[in-house]
């Protein structure tokens, strides 16, 4: 089983990285895992020309967006981690998904979306400085989950679990409960 992990946090050793590491370490050894540090990618922003919808290829010069899309196509499951920026995923991850839309979902003749990754599983982890339960009530971490669920749903992925951690400015490590949740998330995708 191929698992692709997308770490969109700018902090290579922060809480998102800790969560993703716990998930990866809990996967069966038979899983082939590929870790991508999204902030280190070279991806030009989408120009909104919509040519990719008919050409099934981006008109911009090839960059890391096409390489990551190929990895998503080859993966059986996807694990995505992003900190909350203004109630949404961070910009690096948004730019990446904007550039890959043609490889995530298609359209039928009248414009109804066709998922291209039907049957694949996904997990979402996110953090923010807003403390619990306000990180959820004020749509901070919940906003990240909602926006990623939308992308994944229309792409055909089934989100089998999420982990939202608030109050990160005071809590710099995972709790035992959060570590157990990471292990459960790993079990759900493998």
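Summary table
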| read-out | value |
| --- | --- |
| Selection status of residue 163, in contact with a helix residue (DSSP H, G or I) (Cβ under 8 Å, 6 or more places away or on another chain) and either outside any helix (DSSP H, G or I) or under 27 Å from residue 60 (Cβ atoms) (or both) | yes |
| Listing of helices (runs of 4 or more DSSP H) fully contained in the range 87-144 that carry 2 or more residues being without any contact (Cβ under 8 Å) to a residue 60 or more places away in the chain and either on the phi > 0 side of the Ramachandran plot or surrounded by 20 or more Cβ atoms within 10 Å (Cβ to Cβ) (or both) | 91-99, 101-104 |
| Failed condition for residue 46, given (1) surrounded by fewer than 18 Cβ atoms within 10 Å (Cβ to Cβ); (2) over 17 Å from the mean Cα position of the chain (by Cα); (3) closer than 22 Å to residue 144 by Cβ | (1) |
| Extreme residue, surrounded by the most Cβ atoms within 10 Å (Cβ to Cβ), among residues of the range 163-182 that are touching a strand residue (DSSP E or B) at 6+ places or on another chain (Cβ under 7 Å) and touching a residue at least 40 places away in the same chain (Cβ under 8 Å) | 182 |
| Complete set of residues in the range 150-160 that are outside any loop (DSSP other than H, G, I, E, B) and either buried (at least 16 other Cβ atoms within 10 Å of the Cβ) or in contact (Cβ under 8 Å) with a residue 40 or more places away in the chain (or both) | 151, 152, 154, 155, 159 |
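Computed from the coordinates by the stated procedures, all read-outs in this text should not be read as laboratory data. Note that the structure is predicted; figures quoted are calculated from it, not measured. So basically every Cβ, Gly included, is an ideal-geometry build from the backbone, and we count neighbours across all protein chains shown.
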